[in-house]
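Below is one structure, written out as structure tokens; the observations come after it.
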Amino acid sequence: MKKLLSLLIISSLLLPSYPVLAETAKSSPEKIIAELEDLGSVYEKKCLPKDKSEASIKKHHEKNGLSEECWKMITRINHLEDQLQKVKAELEQKSSCENGNCKQKDGTLTSQISDLSKVNQAPMCTAERKQEIKNTCNDELTCVMAGSITSFAGYGLEKILPSSMKPKNCNLGDDNCVTQLVTGFISAAITFFKGSWELLKMAGGAIGKKVSNLWHSVVGAEDHSSTSQLALAKASEDKGVFDSLTNDFPGTMKKIWQTFVASSKEWLKHDIFCQKWEGIPHTPGAKCLRPSEGFDCISCKTMVNGMCAFSGALIAEVVPAFLTGGIFTAVKYGVSGASKVSKLFKVSDATMKTIKTSRIGKIASEADEVLKISKGVQAGGKVATSGLNLINKYLLSPLRKGLKTSYTALTNLMKGGGAKVAEMPGGKIIVFAGTALSNTMKVVLYPIDNPMTALAYRTGGRTIEKALTLGKATLPTKSVAVVSVLERKPEIESVLVDLRKAEIAGDVEKVRKLEEVVYANVEPMRKEAVKGLFMKEHQELDEVIRNLYPELKYGDLARRLPPEKILAAEKELYLEILQVKNPAVRENLEKQFQQKVSAVSTARQNVVGSSKPPYDTSEWHILPVSKFQKEAAEHLKPLAQAGKGKPYSPVSISVVKDPKGALVYAIDGGATPKDAQAIINALDNSHHVKVNIFDELAKNGNRVDLRIPVSGYGTLEIAKLEAQTVNVFLKEPIDSTSRWPSAMMKVMSPTLKAAGAEMEEEKERKRQEAKKKKE
Amino acid sequence: MWRLSFLLFLSVSVQAKTLILDKIYIEEKEEWKLSKDLFGMPYVYFTPELNGQRSNISFTDTGAEVELDVKSIAQTQNVYQDNKKKWAQKVGAIPESFLPYEVSTNKFGHKIHRIGFNFQHEGKSYSESSFYIECRGKILFSKSMRLKTNEAHDNEFRSLLHTLDCGGV
């Protein structure tokens, strides 16, 4: 554990975290663990591999770095763990206190408990206290009753509660309130009946005068007898209850009294002083959701005292209903039936108001406060006992193990040096020496200038940017394309970094300006650069375009340039691709080129209109080989022999595409007619297949010389190109008569022009001869 | 002699036993139970259980030595009814009907004023009758309480009251 703690502390020093000091200082372990578990689950899902082994997690972080989102989470987790350890220490200390080994120390929980203790001068309303009150209540009530009865002169009271039943240590003092309530109850239940006839006695008045107002005179006796006899009739439903009442009325009455007090308490708790209702308070069907639990902490004697102010109303309004409806339950179930009996209690609004403002109301309020304190103390105790278990359970959980492993891996990677912050369109990530960053990624790297100190941890903000001091941005591992540029223009690196940052930030205006700067610097030397790249079989065309041919992204820069420049750039790049020796590399590049420089691309159309891309072979026409090879042989042989051309072989193939005859393929090599036929057939398929076949021919010892002027660029360029090659030049005009386009002929190199002219003349001569024959 | 003895025996055996409740004499009923001092009532006599309950009748010497004016009592019986309604409300009972005031004379010539009230309580119907008995210058009070269905007990109560006597001149 110590080792783990040390690791966490070290880690927290090394890895900045999001501090929430004030917040967690008061947090309970439950709250901290709940957040740790929630956060940990998300971190596990988003920031860790499926395989939670140490090696796998380390490899994952090394390869992928740590995103800002994960950074926020892991630093928050680190902070929460730190808080948890503090709480754990406090709980352990508290636990020691309970075992008599208390080392007083200022601390959140300790001080809380101390505070509670100060308030807790009053008896705590614990479960034990409640039980104690419950246990002593009956004796107290009996004492109250006995004391009241002995001081109450009247009919048969000694029979109701013999002095022998008076509990020991029963000392009531001189509390008239107690006497008032008890005698009121006894009167209502028992003694009242005897006195109720006094009115009748007096009603007769003068001797010989008959009683006319009988019903007024006997109302008390009538009510009492009806109540009592109805209660007795109902009590007779149960033999035990009936026998108890009839055989031991005084003893049963004691039980009834206790139940009455208990029922009163329930009624006060759940009705009069209910703290939260469902429905209209105090009405039938309404439910008390939060009773005034403080009554459980008031001794019965205190409660009876508190009921003094409304005892008269209570007796008058409650006892009759209690006797008729509650006697059976009171005798059969005693105080345990109090809850049921209490539902019989109903009083007038005036009485309810009196009760609420009475002393018992104040007592209840105070009792509720005591109860709250008690609960607080109990909660403190629970924290001490169950909190540690909760914390230990979390510390040993598989989730925490994964987090810890991740934490350790990240710490070690940080320690290893080379950690940087990479900024990308998706946000920042912390990258390590082994983190793979693609050359094509829009990313810049920032060195971390400030060390991961404790200060950084404490003062760190939520974001990486706020937590760390970042150095001057650089490009990530430079691609060969960038390197090729920087070799020629080292000063352009800062511009490239600024451009990348502007791209990441989505600053269009800045991107445009910087692109122009880069273009102006790169354009003059890019052909040479790209040639070098392709020679090294570099295949990242996107990276080449981004760094060397930015106008071929057909963006703002391209729109600001003349279309001819764009087409020239396309041609230039395509020609370089086609000169790549390795067929697989070339094919790959060509494929990428066709995707980038697409005729159907709206972006490109917006820049160059409907101009066809250089690879477009859809309108190519192929001349019969036999005819042209002979013609070529005839016309070019002398040129070759004269040393003006390369060694000539009898097989030459020419493919002419484009209505203007601008695109010419010339092959000079030793292909057999059969090979040539295969080539011709292949030309119907696609350009790259054709190229492959040429390569095959070359492999067989044939020399294949391919030149591809790009269509649509005018004859001048073609002438320039062909003038450089001076090999075999066979062409086919697009028209049906297969005539040479005059425009082209004008710009042909002298040699070719002559050859072409001869061919033309020969053709013309043959046509004339044929015409004459026909005529 | 033998014949005389037989007649005396016969006389004693057919004569019902009498219960003396202080100065109140009532016929003793078999299997009934007499209890004293319940809820302040000196005597309560319980019938055997019928339909789940024992009916009961109380006997009290009110101590009042008055005569009752039948006419005015009859005329003001609505007061009795109003009081009963109030009581019913207090104990959660529902009034059903009232037995009209009536006056009769029992076996010993004592005037018995009777009035009654029918009500429901906790789903059961009850019938109570109050008897004010003018017995040798004193007012005795008796009240019967029974389930409405235990009408049979009413005859027993009438029988008790018909044979009720009291000490004194």
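The values are calculated or read from the model by the stated rules, or taken from the named source; none is laboratory data. Bear in mind that the values here come from a model prediction, so they are computed numbers and not experimental data. Note that we place each Cβ from the backbone using ideal geometry, even for glycine, and neighbour counts take in every protein chain shown.
Remarks
- Looking only at region A:209-234, residues that are among the β-branched types (V, I, T) and part of a helix (DSSP H, G or I) come to 2 in all.
- For A:K401: the one exception among (1) surrounded by 14 or more Cβ atoms within 10 Å (Cβ to Cβ); (2) modelled with pLDDT of 80 or more; (3) within 21 Å of A:K50 (Cα to Cα): (1)
- Screening region A:489-578 for helices (runs of 4 or more DSSP H) wholly inside it with 1 or more residues that are of a type in the set (S, T, Y) returns the ranges A:493-505, A:508-522, A:563-578.
- Inter-residue pairs, beta-carbon under 7 Å, first in a helix (DSSP H, G or I) and in region A:58-84, second among the charged types (D, E, K, R), 6+ apart: A:E68/A:K428; A:E69/A:K46; A:C70/A:K46; A:K72/A:R462; A:L80/A:E35
- Considering (1) touching a strand residue (DSSP E or B) at 6+ places or on another chain (Cβ under 7 Å); (2) within 14 Å of chain B (Cβ to nearest Cβ); (3) within 27 Å of B:K86 (Cα to Cα), the lone condition that A:F249 does not fulfil carries the number (3).
- Qualifying positions in region B:40-60 - at the interface with another protein chain (Cβ under 9 Å from one of its Cβ atoms), at pLDDT 90 or above and farther than 17 Å from A:D238 by Cα: B:M41, B:P42, B:V44, B:I57, B:S58, B:T60
Results for (1) over 16 Å from B:F131 (Cα atoms); (2) more than 8 Å from every other protein chain (Cβ to nearest Cβ), shown as yes or no for each residue.
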| residue | (1), (2) |
| --- | --- |
| A:T191 | yes, no |
| A:M202 | yes, yes |
| A:W215 | no, no |
| A:H224 | no, no |
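- Residue match in region A:186-202 (condition: farther than 25 Å from A:G334 by Cα, crowded, with 22+ Cβ neighbours inside 10 Å and not basic (K, R)): yes
- Extreme residue, nearest to the other protein chains (Cβ to nearest Cβ), among residues of region A:324-336 that are among the small types (G, A, S) and closer than 11 Å to A:Q258 by Cα: A:A330
- Residues that are under 33 Å from the mean Cα position of the chain (by Cα) and charged (D, E, K, R) within region A:499-524 comprise A:R500, A:K501, A:E503, A:D507, listed in sequence order.
- Single condition A:P284 does not satisfy, out of (1) within 14 Å of another protein chain (Cβ to nearest Cβ); (2) touching a helix residue (DSSP H, G or I) at 6+ places or on another chain (Cβ under 7 Å); (3) surrounded by fewer than 22 Cβ atoms within 10 Å (Cβ to Cβ); (4) over 23 Å from B:G40 (Cβ atoms): (2)
- The sole residue among B:E151, B:E156, B:E122, B:E96 that is more than 19 Å from the chain's Cα centre (by Cα), of a type in the set (D, E), more than 9 Å from every other protein chain (Cβ to nearest Cβ) and surrounded by fewer than 23 Cβ atoms within 10 Å (Cβ to Cβ) is B:E96.
- Enumeration of residues in region B:78-91 that are facing chain A (nearest Cβ under 7 Å) and closer than 28 Å to B:H110 by Cβ: B:V79, B:Y80, B:N83, B:W87
- Residue identified as small (G, A, S), away from chain B (no Cβ under 13 Å), touching a Gly at 6+ places or on another chain (Cβ under 6 Å) and part of a helix (DSSP H, G or I) among A:S264, A:S311, A:S339: A:S311
- Residue check, A:V319 more than 55 Å from the chain's Cα centre (by Cα), part of a loop (DSSP other than H, G, I, E, B) and within 14 Å of another protein chain (Cβ to nearest Cβ): no
- Filtering region B:68-111 to residues that are small (G, A, S) and without any contact (Cβ under 8 Å) to a residue 24 or more places away in the chain leaves B:S72, B:S97, B:S104, B:G109.
- Residues (loosely packed, with under 15 Cβ neighbours inside 10 Å and under 27 Å from A:G195 (Cα atoms)) located in region B:46-64: B:G63
- Test: residue in region B:112-131 that is without any contact (Cβ under 8 Å) to a residue 12 or more places away in the chain and hydroxyl-bearing (S, T, Y): no
- Odd one out for B:S72, checked against (1) surrounded by fewer than 18 Cβ atoms within 10 Å (Cβ to Cβ); (2) of a type in the set (S, T, Y); (3) farther than 24 Å from A:L199 by Cβ: (3)
- Failed item in (1) closer than 26 Å to A:F249 by Cβ; (2) at pLDDT below 90; (3) in contact with an Asp or Glu (Cβ under 8 Å, 6 or more places away or on another chain), with B:E67 passing the rest: (1)
- Among (1) farther than 30 Å from A:S348 by Cβ; (2) more than 15 Å from the chain's Cα centre (by Cα); (3) more than 10 Å from chain A (Cβ to nearest Cβ), the one test that B:I26 misses: (2)
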